[in-house]
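What follows is a short report on a single structure.
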Amino acid sequence: MTMKTKTKNIQLTARIDDRDMERKAAQAAKFATSGSGVSVTLRLRGRELQFKERAQQVLTKFLELTGAPSNKANTPKWNGMTLSTFLHPWEAG
């Protein structure tokens, strides 16, 4: 018998405010420490697509704010206009 893991989704934008990012990172950390996986997506729209490095910086900062152990976060990957990663559940502490 296999055990199912719940997955929560967090969506970001390239122009997210610092306070909003902190709030979402805290929520992602709460989900991950309670046993849920967290799918994080950052979607670019229109001209934002010219600034992919900005999106990479936003997602990197988000991962730092979650406090996720480095072995619990997948490497961010581009899929068209979306940059995404997955945080595996980890123990609080």
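Side notes on the structure shown:
- Calculated [θ] (222 nm, deg cm²/dmol) that DSSP helices of n ≥ 4 give over the chain, each run adding -39,500 (n - 2.57): -11000 deg cm²/dmol
- Of all beta bridges that DSSP places with both ends in the chain, some 60 percent have antiparallel geometry.
- Net length available on complete extension from GLU53 to LYS30 is 5.5 nm, with 0.36 nm assigned per residue and the Cα-Cα distance removed.
- Placing +1 on the Cβ of every Lys and Arg and -1 on the Cβ of every Asp and Glu, with nothing else charged, gives the range 48-93 a dipole about its Cα centre of roughly 100 debye.
- Magnitude of the charge dipole, the chain, Cβ model with Lys/Arg +1 and Asp/Glu -1, debye to 20: 300
- Straight-line reach from LYS30: taking Cα to Cα under 20 Å and skipping same-chain neighbours fewer than 8 places apart, the lysines in range are LYS4, LYS6, LYS8, LYS61, LYS72.
Every read-out reported here was derived from the displayed coordinates using simple, explicitly stated rules and does not represent laboratory data. Just so you know, these numbers come straight off a predicted model, no measurement behind them. Cβ atoms come from the backbone with ideal geometry, glycine included; neighbour counts cover every protein chain shown.
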